[in-house]
Structures are given as structure tokens and as C-alpha cells.
Amino acid sequence: MSSLHTSLATIPNRYAFIDTIDHCASNSSHISLMLIDIVRFSDVTTSLGIKVGDRFLLEIANRIRFLFGHDVEIGRISGDVFGVVISGQKSHMQLREKFERLVEHFKTPMHYDDHAFIADFNVGVTSSSAQNFNLIAFVSRAEAALKQAKENKYENYFLLNGHEKPDTGRSLALKADLKRALQNDELELYFQPQVDLNTLKIIGAECLLRWNHPLDGILFPGPLIEAAESYNMMQELAYWTFERAFLSVAELNSRGIDIMMSVNISPTQLYDTKLISQLKYLSHCYDVDLKRIELELTEDIALTNSLMVKKQLSQLRALGVGISVDDFGKGYSNLAYIRDLDINALKIDKSFVLELGDNPINRAIIEAARIIGHAKNCDVIAEGVETLEQLHILREVGLTMGQGYLFSKAIPLTEFVELTNQDIIVGDSPLRKLMV
């Protein structure tokens with residue numbers, strides 16, 4: 001078995017890994033390819049920063065290496081997707097056992113500071129004999145299997161072809177966990193500030209869900225959200241999140257803190273016929289103007305041709321609810337959809353900001369986003385701001401809004417209130433050291 005990696009840079013990237021796949025196919029009668037996507041890993045990097053996220057990614061890669069042993073090769077397909085090539089003929093049962101072993105192993109949380117992260121995975125698998133091996137088709141099948149794993153209702157695994165989709169003990173346990181978490185008030189909203197890049201004043205906040213686990217402490221609840229989507233409990237979880245968001249805005253109002261509150265919304269919620277009435281009710285109940293609420297949706301939701309979704313978005317905007325497109329630029333979609341979408345903010349994907357000082361193309365993309373935002377008369381927000389260099393370049397480009405670990409990680413409401421009452425200081429100041 002090759003040694004464990006000491007840096008993500010030593011793990012083969014997508015292009016080197018494809019060469020590895022081809023090499024393995026030339027030296028084995030059969031190979032299998034497993035694509036491992038880490039569920040909602042963006043929550044980690046958003047809250048704790050890219051450096052901490054990279055620590056977790058490196059630990060995950062090395063644990064996979066340890067679990068699967070000497071007969072595998074590992075590569076990093078993208079930011080939070082790893083590939084594993086398994087040489088030799090493996091039965092469907094053997095491949096499933098590897099998946100189940102992976103999931104079972106990562107039930108043990110990984111820790112950083114006072115936070116814990118339980119990694120959960122979407123896994124797509126395909127196998128092939130070396131005879132008449134077609135590299136492009138082989139990799140495409142694995143990607144198709146991963147896509148299906150993400151779309152599966154009850155479990156996060158798919159082997160192409162002929163795979164059935166029964167319930168697993170793990171998914172049933174997650175459903176029980178979610179019910180308990182809601183009943184026992186184990187869930188909590190954290191808030192990451194959005195700041196004016198010129199004045200460093202807090203002008204908004206993004207809600208992020210946290211799970212106060214009775215045994216493991218503060219967890220990123222990605223697996224719980226996946227369970228909610230799988231078991232038609234997303235509405236219950238969404239209503240809880242909306243109510244806490246409105247309650248938080250009311251609390252901030254009572255303290256004279258007037259900011260926009262962003263809440264992430266899933267495709268499931270936009271198909272909920274009670275969404276509009278629920279938001280109206282919460283607005284009345286907590287005396288919160290709907291203009292203070294912003295819903296963040298991803299490009300794939302924005303691109304949908306669903307008449308139901310388009311109607312809901314139109315009604316939300318008519319009520320004054322803000323609509324922002326999250327992770328803008330990350331997808332491969334035609335930009336034409338932005339032209340016709342009624343939004344009040346574009347949030348630039350953090351991948352462009354994190355490498356802003358290293359690649360002039362990233363600066364050009366951000367400048368293009370600013371121009372688009374200006375033409376649409378909507379805000380443009382840079383996510384993932386972590387360094388003074390990035391802040392200076394964003395100011396030069398003309399961006400005025402951002403969020404990221406340079407200013408603050410996601411924090412509980414009481415700490416957020418304290419942060420709004422003091423100056424945000426970046427760099428190596430004593431205050432900055434206390435924040436991290």
C-alpha cells in the first residue's frame with residue numbers, strides 16, 4: 001500500500017487520475033471505479049474556512065486509503081469528490097460492502113476546535129473488464145452512477161446497472177435522528193455575517209443549520225438534511241428553519257439591528273403549495289417585514305422550467321422577499337437564464353474568490369459578475385473571503401459586499417449580536433485572533 005498523503009497536492013487530480021484509471025485497466029483483467037462525493041461539504045468551508053476544509057478532506061482521503069487497502073488507487077476528481085479505482089474482479093456485494101464500511105467508519109465525527117463533522121457520502125460505482133475497455137465510456141458511467149446516487153430517494157449508493165434501492169439501517173437511523181432532533185430542540189441556527197467590503201460594517205447574515213448532538217457536540221447536519229429530503233420531512237425541517245429565522249430577525253429588530261437575513265431554500269420547498277402562506281403567517285406573527293428575508297437558491301433551481309417554481313418565485317418577489325442565486329458561476333449552464341430571472345443578488349462561488357490572487361481569469365470572472373449585477377440592478381456578493389489580498393482585489397474590482405472567514409465564521413445568535421456592536425478588524429489584530 002502506498003503511504004498516506006501529507007497534503008492534498010500529492011493526491012492525483014482529475015487528469016492524472018484518468019491516466020491512472022487507464023493504467024490500471026491495462027494491468028488488470030477487471031477494474032471498478034467508485035466516485036465518492038462528500039454530502040454538503042460546502043457547509044464546512046463556508047463556516048470554518050478553506051484551510052480547515054482542506055484538513056478534513058485530507059483526513060477523509062487518508063481514511064479511505066486506510067479502509068480500502070493496497071488494491072486501490074485514489075484521486076481527487078473535484079473539490080469534494082474523490083475517485084477510487086479497485087483492481088480485480090469484484091462482485092456487486094463486495095462493492096456494496098465497501099460502501100457500507102465507508103459509511104460506518106465515518107459515523108465517528110472528525111473534530112476541529114469546538115465543531116464536529118460527520119462525513120456522509122453519495123457513491124456511484126461502475127465495473128468493467130479490460131477486454132474492449134473504453135476509458136471515456138467507463139468514466140461517464142461512473143459519473144452517471146454518482147448522479148443517480150444523489151437523486152436516489154432512500155439511499156446514497158448506486159451501481160450501474162441492475163441495482164435495487166432498498167432501505168438501509170443507516171437511512172432509517174437518520175430518520176429517527178431527525179425526528180429526535182426536532183422534538184428535543186437539538187437544532188440551532190448559526191449566522192455568518194455579510195459585510196460592506198469598504199466599511200466592514202455588517203449588512204446581512206446567512207442562516208446555517210447546526211445540530212447540537214447529545215453525544216458528539218456541534219455537528220454539520222448534512223446527513224440529516226439528506227434524510228429529510230429522502231423521507232418527505234423537508235417541509236417540517238424547512239418550517240422550523242423559517243420560524244427560527246423570523247424569530248432571529250425579530251430579536252435583532254428589538255436590539256436595533258436592521259439587516260437582511262438569508263435562508264437557503266431547497267427545490268422541495270419551491271414545490272410546496274403552502275410556502276407563500278407560511279411566510280405570510282410568520283411575517284405577521286413576528287412582525288417582520290418580508291423585505292428583510294432573502295431566499296438563496298442554486299443555479300439548478302433557477303434554471304428549472306417548472307411552471308410551479310416560476311409561479312412561486314414570482315409570488316415571493318411580489319411580496320418583497322429577496323431572491324439570490326448562490327454559487328454563481330460554479331455551474332456550466334447558459335447565462336441566458338440570469339437575463340430573465342427576477343433576483344436581487346448574485347453570490348459569486350467561493351472557488352473564484354479563494355484562488356483570486358493566483359489566477360487572473362478568476363478576477364475576470366468576478367468583474368463579469370459585477371457587470372451583470374450592475375445591468376440587472378442587483379447586488380453581487382463574494383463568498384469565501386479569507387485573506388487581506390482577496391479583500392483588496394475585490395475592492396479594486398468594485399465589489400462592495402462579501403462574506404467569509406476573514407470577517408467571521410458562522411456563530412450563534414448571541415455572538416452575532418455582540419459582533420454587530422463592535423468593529424470588524426481584519427489581519428493580525430488581537431480582535432481577529434480572538435475570532436479564530
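The values are calculated or read from the model by the stated rules, or taken from the named source; none is laboratory data. Because the structure is predicted, anything quoted here is derived from the model rather than measured. Cβ sites come from the backbone with ideal geometry, for glycine too, and all protein chains shown count toward neighbours. To get the accessible areas, we keep the full protein, side chains included, count just its heavy atoms, and leave off ligands, DNA and RNA. Shrake-Rupley method; radii C 1.70, N 1.55, O 1.52, S 1.80 Å.
Here is a list: T10, T46. Which entry is more than 22 Å from K147 (Cβ to Cβ), open to solvent by 40 Å² or more (accessible area, probe 1.4 Å) and of a type outside the set (K, R)?
The match here is T10.
Please report, ordered by residue number, the helices (runs of 4 or more DSSP H) entirely within region 307-406 with at least 2 residues that are more than 30 Å from K280 (Cβ to Cβ).
Qualifying helices (runs of 4 or more DSSP H): 350-354, 360-376, 388-397.
Filter region 175-201 for residues that are in a helix (DSSP H, G or I) and either of a type in the set (G, A, S) or within 30 Å of F407 (Cβ to Cβ) (or both); which is most open to solvent (accessible area, probe 1.4 Å)?
In this case the residue turns out to be A176.
What do you reckon, is N377 surrounded by fewer than 17 Cβ atoms within 10 Å (Cβ to Cβ) and modelled with pLDDT under 85?
The answer is no for N377.
May I ask you to list the residues in region 119-138 that are open to solvent by less than 10 Å² (accessible area, probe 1.4 Å) and over 22 Å from T45 (Cβ atoms)?
G124, V125, T126, F138
Consider A205 against the criteria (1) open to solvent by less than 10 Å² (accessible area, probe 1.4 Å); (2) not in a strand (DSSP E or B): it satisfies all of them except one. Which criterion is unmet?
Going through the list (1) open to solvent by less than 10 Å² (accessible area, probe 1.4 Å); (2) not in a strand (DSSP E or B), A205 breaks only (2).
Filter region 248-275 down to the residues that are assigned to a helix (DSSP H, G or I), in contact with a helix residue (DSSP H, G or I) (Cβ under 6 Å, 6 or more places away or on another chain) and modelled with pLDDT of 95 or more and list them by number.
If the condition is that a residue be assigned to a helix (DSSP H, G or I), in contact with a helix residue (DSSP H, G or I) (Cβ under 6 Å, 6 or more places away or on another chain) and modelled with pLDDT of 95 or more, then S248, V249, A250 are the ones that fit.
Are any of the residues in region 98-118 of a type in the set (V, I, T), surrounded by fewer than 20 Cβ atoms within 10 Å (Cβ to Cβ) and farther than 22 Å from A149 by Cα?
yes
Give just the number: which of (1) out of contact with any Phe, Trp or Tyr (no Cβ under 7 Å at 6 or more places or on another chain); (2) at pLDDT below 90; (3) open to solvent by less than 50 Å² (accessible area, probe 1.4 Å) does A302 not satisfy?
A302 satisfies every listed condition except (1).
Search region 208-234 for residues being within 11 Å of A116 (Cβ to Cβ), of a type outside the set (V, I, T) and assigned to a strand (DSSP E or B), and hand back the single one that is most open to solvent (accessible area, probe 1.4 Å).
Per the stated criteria, the residue is N212.
Can you name the number of the only condition in (1) out of contact with any Leu (no Cβ under 8 Å at 6 or more places or on another chain); (2) under 21 Å from A205 (Cα atoms) that K274 fails?
The number of the failed condition is (2).
Go through region 17-38 and give me each residue that's surrounded by 12 or more Cβ atoms within 10 Å (Cβ to Cβ) and part of a helix (DSSP H, G or I).
Residues satisfying the conditions are F17, I18, D19, T20, I21, D22, H23, C24, A25.
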